[in-house]
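Here, each number is a calculation from the coordinates, and none is a lab measurement. These figures come from a predicted structure and were not determined experimentally. As a convention, Cβ positions derive from the backbone with ideal geometry for all residues, glycine included, and neighbour counts pool all protein chains shown.
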Amino acid sequence: MTGAANQKTRLAVTEPIWLRVLLTVLALTFLSLIVLLPLAGVFVEATRQGIGAYFASFDDPDVLSAIRLTLIVAAIAVPLNTVFGIVASWCIAKFEFVGKSLLVTLIDLPFSVSPVVAGLVYVLVFGVHGWLGPWLVANDIQVIFAVPGLVLATIFVTFPFVARELIPLMEEQGQEEEEAAISLGASGWRTFWRVTLPNIKWGLLYGVLLCNARAMGEFGAVSVVSGHIRGETNTMPLYVEILYNEYNFVAAFAVASLLAMLALVTLVLKKIIEWRFAGASSVVG
Amino acid sequence: MTIASTAVPGVRRSKAATLGTRRRIGSLRKETVLPGFGLTLGLTLLYLSLVVLVPLAALVMRSAGLGWDGFVDAAFTPRALAAYRLSFATAFIAAAINAVVGLIIAWVLVRYSFPGKRLVDAVVDLPFALPTAVAGIALAALYAQNGWIGAPLAELGIHLAFTPAGIVVALMFEGLPFVVRTVEPVLQDLDKDVEEAAASLGAGRVQTLTRVILPSIMPAVLTGFALAFARGLGEYGSVIFIAGNLPMVSEIAPLLIIIKLEQFDYAGATAIATVVLVAGFCMLFVINWLQRWNKRRSG
């Protein structure tokens with residue numbers, strides 16, 4: 001092909017340079033206005049009265065207890081949902097059975113439920129006027145307006161994360177390797193630890209990472225079940241709201257900046273895993 | 001295991017069905033080798049029921065307990081109707097804007113190269129990772145009358161924060177990655193040969209874009225739209241800080257649920273939550289259907 005003809009074909013399968021520049025500028029402008037500026041705003045607002053005021057914001061026992069509570073809630077909810085995710089994807093990816101697609105849909109269900117509704121359903125089960133309310137009161141167990149309620153609401157909203165990463169991954173990998181291990185005499189457990197887990201570790205880490213980010217940042221669902229008791233049932237996002245509503249903006253944005261840093265660390269790790277993941281699968285493929 | 005083995009012999013109709021059967025028999029044999037089906041299925045169903053299904057059933061049964069008239073009275077008050085309308089309209093507008101802008105961003109990320117592209121690609125995922133409350137207060141500060149964006153807009157006489165338009169801004173933030181991440185892989189898999197064929201048959205670039213590329217990515221764009229819309233219907237954290245929350249004007253449905261709950265109006269909260277839940281399930285069906293369509297188109 002001559003240079004001129006080549007040039008003509010290339011022109012026909014891409015846009016003129018001015019349009020390319022225009023579209024790129026449009027995309028970047030929109031991303032800046034809607035996504036990047038809010039992120040930058042968090043750090044600017046948090047340090048508006050200087051670095052000293054920023055760090056002084058953390059010199060508040062309620063902030064420290066909010067941080068501790070967020071860590072506790074995530075430390076219970078994330079491992080539970082991780083174990084569930086592994087168990088569910090073993091069942092779904094390694095076996096054929098009737099009703100499988102229904103089960104997959106049900107696992108995804110929490111994603112289509114409003115966080116506020118997710119919180120409310122637990123109030124209707126465990127609240128004073130709920131199904132188990134009278135029994136819980138009689139036995140002096142508090143779920144709603146207490147830590148167990150926060151954990152349950154967080155489990156609900158983060159329920160599908162690990163399973164939904166692992167199911168397609170394990171389906172793609174098939175059963176051959178596990179079958180080989182089993183027929184060579186390995187036990188089920190040993191097969192899982194030595195064969196399956198190494199194969200899915202990056203996908204698993206990815207799911208756990210997203211699950212954890214959502215668990216620590218959840219607001220709507222925990223807002224319903226929390227009761228907002230200072231120093232007791234406020235997670236970090238909930239305490240951000242309280243500080244903000246009290247016009248204590250520096251402290252609100254200071255706590256928010258910790259959550260924003262968590263989001264940034266999550267994004268960086270996510271990109272690293274995606275990169276490792278792509279590398280690993282290209283080695284396998 | 002038993003369920004699957006009893007289901008197999010019945011399937012013997014078309015050629016496709018026979019092929020399906022053969023594959024199933026193949027994996028049936030495999031099932032006998034791999035252990036843990038009963039245990040994992042049992043644990044999955046137990047945990048799913050305890051954490052998700054039983055609590056959701058509690059909501060539906062509470063609602064049913066109100067009776068039809070009681071439910072309608074509680075769920076469709078003028079204030080609740082205004083909240084549904086607002087949630088629906090703002091989610092729809094935000095998703096529509098995101099469908100267009102998300103398509104442009106996905107296009108730019110897949111087709112063009114520019115410095116810092118990997119960074120931009122990472123930024124797209126930020127709304128997935130940033131807690132909604134943080135996004136909410138940041139957007140409110142940014143678009144308020146004295147904010148970085150709000151101040152110049154106020155001089156032009158445009159007020160976004162504390163109006164329904166502010167809700168659209170917050171939902172645009174939350175919904176954007178859904179569109180970009182749904183459209184991106186489809187654009188990547190798009191066969192460039194088809195575009196070249198169209199071009200060599202004399203199609204102009206605009207014609208190729210509208211007649212060749214757009215139809216093949218439309219299912220993905222619609223799926224992204226539906227995902228963003230569904231998210232917007234139930235979104236709470238990012239909205240309440242920027243919304244203004246005036247009853248009948250800028251009060252979204254999830255907020256009304258919380259207000260009813262704080263007033264100990266369990267009937268009202270339950271009824272409104274049921275409407276929101278049903279709307280979410282309807283969107284789940286639409287999205288599943290769109291994704292199947294998407295898969296058929298690209299597969």
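For chain A, the membrane-span-like helix rule (DSSP H, alpha carbon extent of at least 24 Å along the helix axis, mean Kyte-Doolittle at least -0.5) picks out A:61-94, A:197-217, A:249-284; this says nothing about an actual membrane.
Largest GNM mean-square fluctuation across A:G119, A:G203, A:G41, computed for chain A with C-alpha springs under 10 Å, falls on A:G41. Taking the Cα centre of chain A as reference, the dipole from Cβ charges on Lys and Arg (+1) and Asp and Glu (-1) amounts to some 740 debye.
Give the Debye-formula value of log10 I(q)/I(0) at each listed q (0.10, 0.15, 0.18, 0.22 Å⁻¹), with one equal scatterer per alpha carbon of the range A:145-280, two decimals each. For the requested q values the scattering log ratios are -0.49, -0.84, -1.01, -1.23.
Each semi-axis of the equivalent ellipsoid for chain B is √(5λ) with λ an eigenvalue of the Cα gyration tensor; in descending order they amount to 38, 34, 17 Å. Springs between alpha-carbon atoms under 10 Å, Gaussian network over chain A: tell me which of A:A215, A:A186, A:A75 tops the mean-square fluctuations. Among A:A215, A:A186, A:A75, the largest mean-square fluctuation in the Gaussian network model of chain A belongs to A:A186. Each of A:Y239, B:Y84 has some number of other Cβ atoms within 10 Å of its Cβ, and from fewest to most they run B:Y84, A:Y239.
By the count of other C-beta atoms within 10 Å, a proxy for reagent exposure, B:F173, B:F88, B:F37, A:F84 are ordered fewest to most as B:F88, B:F37, A:F84, B:F173. Here the Kirkwood formula, the inverse mean of 1/r across different C-alpha pairs, assigns the range B:204-299 a hydrodynamic radius of 15.9 Å. Comparing the range B:110-176 with the 2.2 N^0.38 Å rule of thumb, its C-alpha radius of gyration ratio is 1.31 (two decimals). Taking other Cβ atoms within 10 Å as a rough exposure proxy, B:M218, A:M236, A:M170, A:M261 sort from fewest to most as A:M261, B:M218, A:M170, A:M236. Sites listed here are trypsin sites (Lys or Arg not before Pro) in the range A:109-201 whose DSSP assignment is loop and whose Cβ has at most 12 other Cβ atoms within 10 Å, and the list is empty. Which of rounded, prolate or oblate describes the range A:1-147 when judged by the alpha-carbon gyration tensor and an a/c cut-off of 1.5? In terms of gyration-tensor shape, oblate. Quick check: from the Cα gyration tensor, does chain A come out rounded (a/c under 1.5), prolate or oblate? The shape class here is oblate. Over all distinct Cα-Cα pairs of the range A:139-214, the Kirkwood formula returns a hydrodynamic radius of 14.7 Å. Spacing of the modelled spin labels on A:V128 and A:I51, each 7 Å from Cα toward Cβ, amounts to 4.9 nm.
Relative contact order of chain A, taken over Cα pairs closer than 8 Å and 6 or more residues apart, is 29 percent. Counts of other chain beta carbons within 10 angstrom of each beta carbon in peptide A:40-52 average 2. Phi angles of the range A:132-140 translate, via the Karplus equation with coefficients 6.51, -1.76, 1.60 and θ = phi - 60°, into HN-Hα couplings of 9, x, x, 5, 5, 5, 4, 9, 6 Hz per residue; Gly and Pro are given as x. Classify the range B:39-190 as rounded, prolate or oblate, taking a ≥ b ≥ c as the square roots of the eigenvalues of its Cα gyration tensor: rounded when a/c is under 1.5, otherwise prolate if a/b is larger than b/c and oblate if not. Note, shape of the range B:39-190 comes out oblate.
Of the complete DSSP H runs in chain B, those spanning 27 angstrom or more by Cα along the long axis with a mean Kyte-Doolittle score not below -1.0 are B:15-33, B:78-111, B:164-189, B:214-234, B:266-298. Candidates A:V125, A:W189, A:I155 compared by Cα position along the dipole of the range A:96-206: farthest toward the positive end lies A:V125, with charges placed on Cβ. Mean projected area of the convex hull spanned by the Cα atoms of the range A:205-285, taken over all viewing directions: 6.2 nm². Peptide B:148-159 has a mean shielding of 1, counted as Cβ atoms of other protein chains within 10 Å of each residue's Cβ. Between the alpha-carbon centres of the range B:136-188 and the range B:244-273 there is a gap of 24 Å. Among A:T105, A:T47, A:T14, which one shows the biggest mean-square fluctuation in a GNM of chain A, springs joining Cα atoms closer than 10 Å? Comparing A:T105, A:T47, A:T14 in the GNM, the peak value goes to A:T14.
Considering the protein assembly as shown at the alpha-carbon level, its Rg and Dmax are found to be 25.4, 88 Å.
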